[in-house]
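The values are calculated or read from the model by the stated rules, or taken from the named source; none is laboratory data. If you're wondering where the values come from, they're calculated on a predicted model, not measured in any experiment. Here the Cβ positions follow ideal geometry from the backbone for every residue, glycine too, while neighbour counts run over all protein chains shown.
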Amino acid sequence: MPALDNRPQSPYRQMELSTHMADSEFHSPERVREQVEKLRMQAELYEQQRLQSETQSRELEKNTLRKAHFNADLNELGQKIHNAVRRIERELESMSKEQQELEHVCECFKRHLQILSALQPQMWPPESVSERLREADPKLDRAENDFDEAYALGKKYRHTDVLLHKPGEKPEEKLTWRKLREDMARGLAFHIPLFLLILLSWAVYLLFTS
């Protein structure tokens with residue numbers, strides 16, 4: 001009968017046994033399922049992070065594009081409004097200038113009216129008519145010159161035609177499409193009967209000469 005080996009095993013042998021047991025526990029079904037579930041959860045987390053990153057990237061790109069369009073529209077509209085403001089300001093300046101000039105003309109005419117109204121030639125005594133005329137003629141000439149000069153410059157005003165025609169004068173008729181159509185209609189109304197008469201005479205001539 002062989003003797004039992006009661007000698008203690010070497011530390012190497014003990015480590016080998018322990019490693020085998022640990023490896024067996026690591027590859028147990030429960031352990032494998034835990035590792036698979038952990039990897040699955042990590043994969044889902046990574047996928048969610050990837051989708052979230054892509055969504056944020058698309059949203060950022062969309063907002064960047066919207067911002068670029070908004071900035072372009074902002075600049076375009078701002079430029080249009082700026083140009084409109086400048087045009088309106090220039091128009092107001094032109095209107096204000098014309099108003100000041102017209103007020104000056106009006107005051108000038110009022111002064112001439114006062115001077116001419118004060119002359120009253122019907123009240124002149126016969127013995128002083130010659131002297132009164134010598135004094136009054138320059139006043140009348142000056143008023144007439146200022147009047148003619150004001151109406152001579154009437155065409156330069158763009159915002160009013162008050163000085164375009166003198167009181168009592170008939171304004172010149174402008175050539176418009178309406179007036180042109182009316183003239184053409186009157187011309188046709190006059191010439192069509194004449195043309196028909198000539199055509200009828202020619203037909204009668206051909207009838208009798210054939």
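Inspection of the stretch 12-24 identifies at least one residue that is at pLDDT below 95, of a type in the set (Phe, Trp, Tyr) and exposed (fewer than 10 other Cβ atoms within 10 Å of the Cβ). Being under 53 Å from the mean Cα position of the chain (by Cα), loosely packed, with under 11 Cβ neighbours inside 10 Å, of a type outside the set (Lys, Arg) and more than 20 Å from Leu164 (Cα to Cα) is a property that does not hold for Asp137.
Among the criteria (1) more than 30 Å from Glu98 (Cβ to Cβ); (2) modelled with pLDDT under 85; (3) loosely packed, with under 10 Cβ neighbours inside 10 Å; (4) not β-branched (Val, Ile, Thr), the one Lys170 does not fulfil is (1). The residues of the stretch 26-40 that are surrounded by 10 or more Cβ atoms within 10 Å (Cβ to Cβ) and either in a helix (DSSP H, G or I) or at pLDDT 85 or above (or both), listed by number, are Phe26, Arg31, Val32, Arg33, Glu34, Gln35, Val36, Glu37, Lys38, Leu39, Arg40. For the stretch 145-167, the set of residues classified as exposed (fewer than 13 other Cβ atoms within 10 Å of the Cβ) and either out of contact with any helix residue (DSSP H, G or I) (no Cβ under 9 Å at 6 or more places or on another chain) or modelled with pLDDT of 95 or more (or both) consists of Asn145, Asp148, Glu149, Ala152, Lys155, Pro167, listed by residue number. Would you confirm, using the coordinates I've provided, whether Arg87 is more than 28 Å from the chain's Cα centre (by Cα) and in a helix (DSSP H, G or I)? Judged against the criteria, Arg87 is not a match.
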